[in-house]
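Some notes on the structure that comes next.
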Amino acid sequence: MTDTDLVRKPPAARVVAAAAGLTPLERTGVALVTAVVLFCVVTPFLPLYAPYAQDLSRAFVPPLTDAAHPLGTDMLGRDLASRLALGGLVSLGIVLLVVVVNAIIGMVVGLLAGYHGGRLDNVLMGWADVQLAMPVILVLIALSAAVGPSVWLMVVTLAATYWVGYARVARGTAMTLRDRDFVLVPRIQGASATWTISRHIAPGVAVQMLILASSDIGAVLLLTSSFDYLGLGVQPPVPSWGLLISEGQKYIRQAPYLSVVPGIAIFLVVIGTNLISQRFTAERDLRSARRRK
Amino acid sequence: MARFLVTRTLQALATIFVVVTVAFLLGRLSGSPAALLLTENATREQIDELNTRLGFDQPLPVQYVEYLRGILGGDFGDSYRQAGVSSMDLVLERLPASLSLGAIGLALGLVLAFAATITTHLARSRTLRTTFLGLGSARQAIPDFFFGLLLVLVFSVTLGWLPSLGNRDPLAIVMPALTIATAQFVVYTRLLDNSLSEQGRLDYARTAVARGENRFRVVVGELLPNASLPVLTIAAINLGSFLGGLVIVENVFAWPGMGQLMLSAVYSRDFPVVQSGLIVVAALFILSNLLVDAASALIDPRVRRA
Amino acid sequence: MTTPVLLRVDDLSVGYRDADGAEVRLVDGVGFTVHEGRVLCLVGESGSGKSLTMAAVLGLLPEGLEVLSGTVRFRGQDLLTLPERELRALRGNELAMVFQDPMTALNPVKRVGAQIARAVRAHHPRTPRAQVLARVEELLTEVGVPDPAERARSYPHQWSGGMRQRAVIAMAMANRPALLIADEPTTALDVTIQAQIMDVLADARATSGAAMVLITHDLGLVAQVADEICIMYAGRIVERGTVWTVFDEARHPYTAGLLGSLLSAERAGSRAYAIPGSPPAPTRRPPGCAFATRCELPARSELCGTTRPELRPAADVTHESACHHADRTLEFARAVTA
């Protein structure tokens, strides 16, 4: 299936065609991600949902022993299932936010650089190279030391640094599309750059951004969870999967499930999204490997 | 060659200068540390006295010049928390621990990746390749900090074989190094596997077979030197994320390295320590890139002449 | 012919199985013999299967391709059933190969001398270092590399294409092979260098007495060196004989066409003959003669489209053709070469 096929077919037909073409591994991926997301979305509507309610008399209840707390309770007697669901919504929400913002920034920058070329292109892509060499975690450590760690600082830092990959792809496509007939004709007839880009180039690029974003979810979840774990992201008492693991680490001897359960949740989502996006990443690796030569 | 060295040195200095400047701006962004360092009921005079001592009463450009002059003279500023202790000394004290963990972890990862890939290619086994890549990908789907915890759970809590914290015990390096190595494993295995397959299709591989070399000599003696070149390049590109991973692993295992120091400095808002840490990391980054270039030149005669 | 047979290939087929398990034959039932000290040329367009045939002989088939049938007897021993270890002992020793592109045939990260030395060491692992070095120098001198001691220490990228091909030949001759397989050894080189390399090959054979299988599409080259010749088309041998009988009396319209395009091109003023069309893909070969769609033989018939012609004696037992109308080709051959 080529990119242009994806653009031209109506949405419903696209979904059907995509599902029919899935390999067993890809279907497994879809199933894993759907299961975890459903858990996070449905649990808050259940009667047991109480992520903050403490009950010290019922602390460290192991999983699968108490119907009121199917996944057990933590050191303060809070229900782990509730905290896992809320933590998931927080973690996945942040991932989604970061990925979407990155895709949008990257797309705009890439489109401008690719369409106009010249000096703008040099400046933007030069900056992209600089960013690529900077480990995000060190940037975040420096910023957190300056203004104090917070979840918003993490999101802004990631949003400001992680778009480079998107910009590169958007730029490449914009450059090739720019000279195709269906773009060239309105350009010659005097259409404005904004109109040409938004009407003719952006749709093709948007599909690629979507693919890229889907393959980035796993990586961004790993990254943000690590930051939460280190105390550079989500701050207690709000739970996130990374924070739950870090809280549980102190009780690894008496209650290992406190870390293991959220760890499994992260693993499932990452492996699920990786399985889904495997095909695209393999293609991208091949292409970048060829470029390097 | 001389020209190459000069441009490389200039690039390195420019990078360090940028890092130093950014660190300065960030430090001033956080404002005067007086609120952090003094008790709540400190008098106006006490605050002013502290600001004067730290130079915060001067205009920004003057502060910047003073700061640069200090750095040129080897003064990177004292720690806010440990009065009179140079922040750079604190960082350098932790450097050996970070370097040894990073080097051992990376080396172990590369050894595992090379061993796995060479075995796959000697045996020409698709099953082996799928197994190694599958295991590696599954490991990559586990965050480093959680993988570390799982190791602790198995080897310290359950089996009691390995110490879970610090670096006093010589065995303590096993789990942090394994965490790093297994995270790197799949990256290098995939690269080397692709690279070896690619080299195997080239004519010189056929020449080697045609002159009667055995499979081991062909793979290890002929293909491997060529196939390792892209692996080295990617290793250099990945260095940033590798250093990031090191920070995380140090914190999981309470390994007393720079990463742990910088993070605790973040919590205690001890900015000079973070600043010195960033400068050291930038220097390390530049140095490692130079090492990779040197290694490439050692392997590939074409790079040497260029 | 009284010289003993060195290599005898019978009914050799090479190919792969497609998704449905059906065989796709890139080389289809090829057979020929090479006598000691003689030169056999395999001639055909690219894709005719000539290189694959010889790759199969040496066990050097690229991944994904396999031998589907046949025997390859070298001094009576079937190479196809030989264990890898024993085959390896022959490769580079009794059987040596020179490849098409000298720019890629050498390992870029190793000194040229070291690579030639490996050819010696692979079969005589305990040779003293000094002796190997001396042998490398001797070999490089034999193939006409000036200043061999010095050049042996340099890397391939410091050598020109022609010089690299000399090094490849030196490597092939390292253990005085009985059979040298040369796969288009001059195609990738400048015209001015081509003759030099053929001279080097001739000299090397003269000193060692090696037989040679030369794979080429250059009939001019064939005329200079060949004793016998096999013309290959679409994976099969279509004509086989001594070089002059084939050149003088082409018994297959494809051979006639090849000769026509060569000879008339050399003659100024006349219109070069060109065989129309292109060979069929291995997956869609017609049931009859694979050349039928391109054949311009006046005598061609319906039989050509329905029945595949087998290789059988045309004029005498040493000159065979796979054409239903082998007896009616001479006139056509004369017409296109005129």
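The values are calculated or read from the model by the stated rules, or taken from the named source; none is laboratory data. The model shown is predicted, which means the values in this text are computed figures rather than measured ones. Cβ atoms come from the backbone with ideal geometry, glycine included; neighbour counts cover every protein chain shown. Quick note on the areas: whole protein, heavy atoms, side chains included, nothing else; ligands and nucleic acids left out. Shrake-Rupley method; radii C 1.70, N 1.55, O 1.52, S 1.80 Å.
Before moving on, here are some points about what is shown:
- Residue in region B:118-132 that is small (Gly, Ala, Ser), in a helix (DSSP H, G or I) and open to solvent by less than 30 Å² (accessible area, probe 1.4 Å) present: no
- Total residues in region A:237-258, condition under 22 Å from the mean Cα position of the chain (by Cα) and more than 10 Å from every other protein chain (Cβ to nearest Cβ): 5
- Qualifying residue in region B:241-250 (condition: within 13 Å of chain C (Cβ to nearest Cβ), touching a helix residue (DSSP H, G or I) at 6+ places or on another chain (Cβ under 9 Å) and of a type outside the set (D, E, K, R)): no
- Residue match in region A:120-131 (condition: in contact with a Gly (Cβ under 7 Å, 6 or more places away or on another chain), open to solvent by less than 70 Å² (accessible area, probe 1.4 Å) and not acidic (Asp, Glu)): no
- Filtering C:LEU65, C:LEU52, C:LEU60, C:LEU139 for residues that are within 14 Å of chain B (Cβ to nearest Cβ) and under 18 Å from B:GLU213 (Cα atoms) leaves a single hit, C:LEU60.
- For region C:215-227, residues that are of a type outside the set (S, T, N, Q) and open to solvent by 30 Å² or more (accessible area, probe 1.4 Å) total 5.
- Top-ranked residue in region A:146-183 [being at pLDDT below 85 and more than 21 Å from A:VAL108 (Cα to Cα); ranked as surrounded by the most Cβ atoms within 10 Å (Cβ to Cβ)]: A:ALA146
- Total residues in region C:38-48, condition at pLDDT below 90, open to solvent by 10 Å² or more (accessible area, probe 1.4 Å) and not polar (S, T, N, Q): 2
- Just so you know, in region C:281-306 the residues that are of a type in the set (Val, Ile, Thr) and closer than 20 Å to C:SER48 by Cα include one that is modelled with the lowest pLDDT, and it is C:THR283.
- Remark: pairs (first residue in region B:120-149, within 11 Å of another protein chain (Cβ to nearest Cβ); second residue aromatic (Phe, Trp, Tyr) and open to solvent by 30 Å² or more (accessible area, probe 1.4 Å); Cβ separation under 6 Å; 6+ apart in sequence or on different chains) = B:ALA141/A:PHE267; B:ILE142/A:PHE267.
- B:LEU196 being within 12 Å of chain A (Cβ to nearest Cβ) and either under 25 Å from A:ASP228 (Cβ atoms) or in a helix (DSSP H, G or I) (or both): no
- All positions within region C:142-199 that are at positive phi and within 14 Å of chain B (Cβ to nearest Cβ): C:ARG176, C:GLU184
- Selection over region C:15-57 of residues that are in contact (Cβ under 8 Å) with a residue 40 or more places away in the chain, among the β-branched types (Val, Ile, Thr) and more than 20 Å from C:GLN224 (Cβ to Cβ) gives a count of 5.
- Just one residue in the set B:GLY259, B:GLY221 is of a type in the set (Gly, Ala, Ser) and within 13 Å of chain C (Cβ to nearest Cβ); that residue is B:GLY221.
- Each residue in region C:168-214 was checked for being under 15 Å from C:PRO102 (Cβ atoms), open to solvent by less than 50 Å² (accessible area, probe 1.4 Å) and either outside any helix (DSSP H, G or I) or of a type in the set (Phe, Trp, Tyr) (or both), and 6 of them qualify.
- Filtering region A:62-77 to residues that are free of Cβ contacts under 8 Å to residues at least 60 places away in the same chain and surrounded by fewer than 21 Cβ atoms within 10 Å (Cβ to Cβ) leaves A:LEU64, A:THR65, A:ASP66, A:ALA67, A:ALA68, A:PRO70, A:LEU76, A:GLY77.
- Any helices (runs of 4 or more DSSP H) falling wholly within region A:59-163 and containing at least 3 residues that are more than 19 Å from the chain's Cα centre (by Cα): A:80-116, A:118-133, A:136-147
- Check on B:GLY160, free of Cβ contacts under 8 Å to residues at least 24 places away in the same chain, within 12 Å of chain A (Cβ to nearest Cβ), in a helix (DSSP H, G or I) and open to solvent by 20 Å² or more (accessible area, probe 1.4 Å): no
- Residue match in region C:84-107 (condition: open to solvent by 10 Å² or more (accessible area, probe 1.4 Å), of a type in the set (Lys, Arg) and within 13 Å of chain B (Cβ to nearest Cβ)): yes
- Condition met for A:PRO262 (over 22 Å from B:GLY160 (Cα atoms), surrounded by fewer than 21 Cβ atoms within 10 Å (Cβ to Cβ) and touching a Phe, Trp or Tyr at 6+ places or on another chain (Cβ under 7 Å)): no
- Any hit, region C:229-249, residues being open to solvent by 30 Å² or more (accessible area, probe 1.4 Å), modelled with pLDDT of 85 or more, touching a Phe, Trp or Tyr at 6+ places or on another chain (Cβ under 8 Å) and assigned to a strand (DSSP E or B): yes
- Subset of region C:7-35 [open to solvent by 60 Å² or more (accessible area, probe 1.4 Å) and either modelled with pLDDT of 90 or more or part of a strand (DSSP E or B) (or both)]: C:ARG8, C:ASP11, C:TYR16, C:ARG17, C:GLU23, C:ARG25
- Selection within region C:131-166 - crowded, with 20+ Cβ neighbours inside 10 Å and either polar (S, T, N, Q) or closer than 12 Å to C:ALA204 by Cα (or both): C:LEU139, C:LEU140, C:VAL143, C:GLN165, C:ARG166
- Test: residue in region C:269-280 that is aromatic (Phe, Trp, Tyr), at pLDDT below 80 and open to solvent by 10 Å² or more (accessible area, probe 1.4 Å): yes
- The lone exception for C:ALA119 - which of (1) within 12 Å of B:GLU213 (Cα to Cα); (2) more than 9 Å from chain B (Cβ to nearest Cβ) it fails: (2)
- Test for A:ASP121: is it more than 30 Å from A:VAL169 (Cβ to Cβ) and in contact (Cβ under 8 Å) with a residue 40 or more places away in the chain: no
- Exactly one residue among B:GLY105, B:GLY109, B:GLY77, B:GLY84 is more than 14 Å from chain A (Cβ to nearest Cβ) and over 30 Å from A:ASN274 (Cβ atoms), and that residue is B:GLY84.
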